[in-house]
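Enquirer: This is the structure, below, for whatever I ask next.
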Amino acid sequence: QVQLVESGGGLVQAGGSLRLSCAASGRTFSTYAMAWFRQAPGKEREFVAAISRSGGSMMYEDSVKGRFTISRDNAKNTVYLQMNSLKPEDTAAYYCARATSFGRTYPREYDYWGQGTQVTVSS
């Protein structure tokens, strides 16, 4: 059983930064692509960013390009999301998730999820 535990959320003013972390259990972390999704109240869960198994390839949702950076440390079984220039519309619960292949953007294509960490950006 894989467990994903997010941390690093909080309240920040517009223009500020946060770094989210997602720690994974198990010995197979490096064999899976990972991603971050977010879900605002009353909205569907949406793709934010993904990273390949090796960390050599990344992809981003258009609204976060140039502001967010996804990375991973396979030695630490951890994936990160550095969020800069935050906007009020970035407010949401952020979830990390595991996929068997890179490039997936639909929640149904991910098999394990963390419990989420709340990010609130004030204007």
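Enquirer: Would you compute, for the Cα atoms of the stretch 49-91, the largest minus smallest coordinate along each principal axis and list the three values in descending order, in whole Å?
Expert: Principal axes ranked by extent give 33, 17, 13 Å for the Cα atoms.
Enquirer: Please work out the Cα convex hull volume for the chain and give it in Å³ per residue.
Expert: 91 Å³
Enquirer: Straight-line reach only, C-alpha to C-alpha below 20 angstrom: list the lysines that residue 43 could link to, leaving out same-chain residues fewer than 8 apart.
Expert: Within the straight-line cut-off, residue 43 pairs with 87.
Enquirer: Right, another one. For the stretch 1-46, just run the numbers: alpha carbon Rg, then divide by 2.2 N^0.38 Å, N being how many residues it has.
Expert: Output field value: 1.45.
Enquirer: On to the next question. Would you mind finding the longest exposed-site-free stretch of the chain, with exposed trypsin sites (Lys or Arg not before Pro) meaning DSSP loop and at most 15 other Cβ atoms within 10 Å?
Expert: Result, exposed sites excluded: 77-123.
Enquirer: GNM on the chain, C-alpha springs below 10 Å: top fluctuator among 75, 14, 97?
Expert: With Cα springs under 10 Å in the chain, the top fluctuation among 75, 14, 97 is at 75.
Enquirer: When N counts the residues of the stretch 31-102, how does its alpha-carbon radius of gyration compare numerically with 2.2 N^0.38 Å, as a ratio?
Expert: Here the Cα radius of gyration is 1.08 times the empirical estimate.
Enquirer: DSSP beta bridges in the chain, what fraction antiparallel, as a percent rounded to 5?
Expert: Roughly 90 percent of the beta bridges in the chain run antiparallel, per DSSP.
Enquirer: Which whole-number percentage describes the relative contact order of the chain, with Cα contacts under 8 Å and a sequence gap of 6 or more?
Expert: The value is 36 percent.
Enquirer: What nm value, rounded to one decimal, do you get for the distance between residue 111 and residue 63 when each label is placed 7 Å out toward the C-beta?
Expert: About 3.1 nm separates the two model spin labels.
None of the figures in this text is laboratory data; all of them are computed from the coordinates on show. Predicted model, so just to flag it, every value in this text is computed and none were measured. Heads up, the Cβs are rebuilt from the backbone with ideal geometry, glycines too, and the neighbour counts pull from every protein chain shown.
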